[in-house]
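The values are calculated or read from the model by the stated rules, or taken from the named source; none is laboratory data. For clarity, every value in this text was computed on a predicted model and none was experimentally measured. Ideal geometry is used to build each Cβ from the backbone, glycine not excepted, and the neighbour counts take in all protein chains shown.
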Ligand code: PMT
């Protein structure tokens, strides 16, 4: 039977991962911004939530031509960030580059171009009459967040960039104690190509042009590349990404409120897997959702309240419905206040 990793097993996995897979180039400059943001809100005793959003990629080559991606557009994260901002939180929005952003999401990533909201009037560009009211409201909310310095936007592309940023930001948030919340809505890769098994150059589609596998340091690679051509086939042999949720809970942010999401496609296993995650990582709340119904129903699984479904009423369910994030945000922030006052068990 598979044994759960011990705490020292988790620590060893962390140390190995972050030694072998180097940080993104902009890590330092991003963390300067994060530190300044966190300190400012710590001084005013404001709650700070780190919202992760969008999907992480798994590059197959160092000079990346091909990568593995996932479906997430970042709707959950961007919409939830708006909810938190409107309810007094400061938000660090750690998102996949070019995925949806709070506020601008209303006018991007849909079938209309943002130019369709505009018209020309006497040589000036103005917003079409029918969009004025909504745009004034959205712009007002965005400007309020910006002017009060309540929104810090950071981005990642790859799984390794995401993990480095999450770890460093979480450690910086430690002094916030229970005023820190982690709302992990990003769709995080479970498998990846470790640096020491990644080829430098584009994988060739024909063996005729196949090269000796070199790594980024110009050395012949001693390990078999994780992605390579064999005959006419592309072989991809990925390794598991360590589950860093345990490290987040125990080491990086021991006093913060941690909300993770659990995504499944099979309704028969969703609650079971969410409970399993809660037991394994011992954090505050797991929000389970199914790929096909995630826009109108989720299940909250917590030690205090067991299993609770949250649903958008059927008359408000449309393909583009986003109302569920207010319901999720409200329920999660209620749990956040209860945690701060002290859980009952
Ligand atoms: O962006 P949208 O289109 O709106 O979709 C929203 C969403 C479906 C992506 C979101 O609601 C959601 O479910 N996000 C979590 C998806 C996910 O990564 O699920 P998982 O079952 O693979 O992981 C569960 C948890 O473990 C996550 O909180 C993740 O941060 C964590 N994890 C995952 C992989 C990994 N290697 N290490 C981790 O710590």
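Entry remark, the stretch 267-314: residues being on the phi > 0 side of the Ramachandran plot and touching a residue at least 40 places away in the same chain (Cβ under 8 Å) number 0 in total. Scanning the stretch 32-66 for residues that are under 20 Å from residue 189 (Cβ atoms) and within 16 Å of the ligand (Cβ to nearest atom) returns 50, 51, 52, 53, 54, 55, 56, 57, 58, 59. Every condition in (1) within 23 Å of residue 323 (Cα to Cα); (2) crowded, with 20+ Cβ neighbours inside 10 Å; (3) within 16 Å of the ligand (Cβ to nearest atom) is met by residue 89 except one, and the failing one is (3). Would you confirm, using the coordinates I've provided, whether residue 204 is in contact with a strand residue (DSSP E or B) (Cβ under 9 Å, 6 or more places away or on another chain), more than 16 Å from the ligand (Cβ to nearest atom) and without any contact (Cβ under 8 Å) to a residue 40 or more places away in the chain? Considered against the rule, which asks whether it is in contact with a strand residue (DSSP E or B) (Cβ under 9 Å, 6 or more places away or on another chain), more than 16 Å from the ligand (Cβ to nearest atom) and without any contact (Cβ under 8 Å) to a residue 40 or more places away in the chain, residue 204 comes out as yes. For the stretch 146-170, the candidate set comprises residues that are in a helix (DSSP H, G or I) and more than 16 Å from the ligand (Cβ to nearest atom); within that set, the residue that is nearest to the chain's Cα centre (by Cα) is 146.
Looking at the structure I just gave you, is residue 186 within 24 Å of residue 244 (Cα to Cα) and either touching a residue at least 12 places away in the same chain (Cβ under 8 Å) or touching a helix residue (DSSP H, G or I) at 6+ places or on another chain (Cβ under 9 Å) (or both)? Yes; evaluated as a whole, the condition is true for this residue. The single residue among 241, 249, 259 that is near the ligand (Cβ under 7 Å from one of its atoms) and at negative phi turns out to be 241. Of everything in the stretch 180-195 that's more than 9 Å from the ligand (Cβ to nearest atom) and surrounded by fewer than 22 Cβ atoms within 10 Å (Cβ to Cβ), which residue is farthest from residue 285 (Cα to Cα)? Applying the filter and picking the extreme gives 195. Selection of first residues in the stretch 230-258 that are free of Cβ contacts under 8 Å to residues at least 12 places away in the same chain and of second residues that are not in a loop (DSSP other than H, G, I, E, B), restricted to Cβ pairs under 6 Å at least 6 apart or on distinct chains, gives the following pairs, ordered by first then second residue: 235/228.
When you look at residue 71, is it at pLDDT 95 or above, at positive phi and part of a loop (DSSP other than H, G, I, E, B), yes or no? Criteria not met by residue 71. Taking the stretch 173-202 as the range and being assigned to a loop (DSSP other than H, G, I, E, B) and closer than 27 Å to residue 49 by Cα as the test, the residues that pass are 185, 186, 188, 189, 190. Among the strands (runs of 3 or more DSSP E) confined to the stretch 78-130, there are none with at least 3 residues that are touching a helix residue (DSSP H, G or I) at 6+ places or on another chain (Cβ under 7 Å) and either free of Cβ contacts under 8 Å to residues at least 12 places away in the same chain or farther than 21 Å from residue 173 by Cα (or both). In the stretch 262-283, the qualifying residues are those that are within 16 Å of residue 310 (Cβ to Cβ) and away from the ligand (no atom under 11 Å from the Cβ), and the one that is surrounded by the fewest Cβ atoms within 10 Å (Cβ to Cβ) is 267.
Remark: residue 29 falls outside the filter, which requires a residue to be away from the ligand (no atom under 14 Å from the Cβ), modelled with pLDDT under 95, loosely packed, with under 13 Cβ neighbours inside 10 Å and not in a loop (DSSP other than H, G, I, E, B).
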